[in-house]
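Inspection log for the structure reproduced underneath, given as structure tokens.
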Amino acid sequence: MGTTRFDFSDDTVIVTGASSGIGRAIATRFGRAGATVLVADHSADPNSEDAELNTHELIEEEGGEAAYVETDVSNLNDIESAIGEAREYGGVDVLVNNAAVQHPEEFRTVSPDALDKLYNVNVRGMFFGTQVAANDMIERGVEGNVVNVASLSAEDAQHDQVQYDATKGAIKMITRGAALELGEYGIRVNAVAPGQIATEFEEGWSEEAQEKAGEGGEGFLKPVPLGRAGFPE
């Protein structure tokens, strides 16, 4: 297993959407850095045939401390419960808002329900996750950190992805605004913008989008000189 030079042995970290993909990689890396990790996801299933253990089980197997908290980030009560659960481990020091959903579809046919689901998870979940975590940190006098997983999709339009790209653009601005307001409490709010990463999301692409994402195409991999996606790790 890889090692890390960072030490989070005194910190409790919540990672949303941590059962698979980028979130799983983030959570396991925090575990290796000594953090107590709460895996907050709607399911503990790693959603991969190659993963034998759930994320919290993997962290524990590697000698770390972790727990799974069933969390639907579109539900404010679930967010509050996850932050409350962290109190059992000293309280949240770091929140990683990673949970997200995809809905690849041509712009002309996207339904209100589909758009609502995207915004409820990708935007509302991140907004209130940050709010609830920050209020908890302020109450405890902790100068903590919030990291929002945005995307290069906030800058580059993609075929069949207008609805998803818009949510990532919202994350970018909410991050800036929250950082401005929470800075006076010593709470840092930042966003990271992964590029083209191969996760389970790609299974939901339409056939046309997959064709456009090929090497030398006009979509997903066009900005990558080597013509291939990265991996969560």
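The values are calculated or read from the model by the stated rules, or taken from the named source; none is laboratory data. All values reported here derive from a predicted model rather than from experimental measurement. Every residue, glycine as well, gets a Cβ built from its backbone with ideal geometry; the counts of neighbours run over all protein chains shown.
Of note:
- Pair list, Cβ under 6 Å, 6 or more apart: the stretch 80-102 residue among the hydroxyl-bearing types (Ser, Thr, Tyr), other residue crowded, with 18+ Cβ neighbours inside 10 Å and modelled with pLDDT of 95 or more: 89/12; 89/36
- Once the stretch 38-74 is narrowed to residues that are under 27 Å from residue 123 (Cβ atoms) and among the β-branched types (Val, Ile, Thr), the residue that is modelled with the lowest pLDDT is 55.
- In the stretch 19-36, the residues that are part of a loop (DSSP other than H, G, I, E, B) and surrounded by fewer than 24 Cβ atoms within 10 Å (Cβ to Cβ): 20, 33, 34
- Residue list for the stretch 37-74, restricted to those being assigned to a helix (DSSP H, G or I) and either of a type outside the set (A, V, I, L, M) or more than 14 Å from residue 19 (Cβ to Cβ) (or both): 55, 56, 57, 60, 61
A quick yes/no check of all residues on (1) of a type in the set (S, T, N, Q); (2) under 16 Å from the mean Cα position of the chain (by Cα):
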| site | (1), (2) |
| --- | --- |
| 7 | no, no |
| 12 | yes, no |
| 27 | no, yes |
| 35 | no, no |
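- Selection count, the stretch 173-204, where residues are farther than 20 Å from residue 159 by Cα and either among the acidic types (Asp, Glu) or at pLDDT 95 or above (or both): 19
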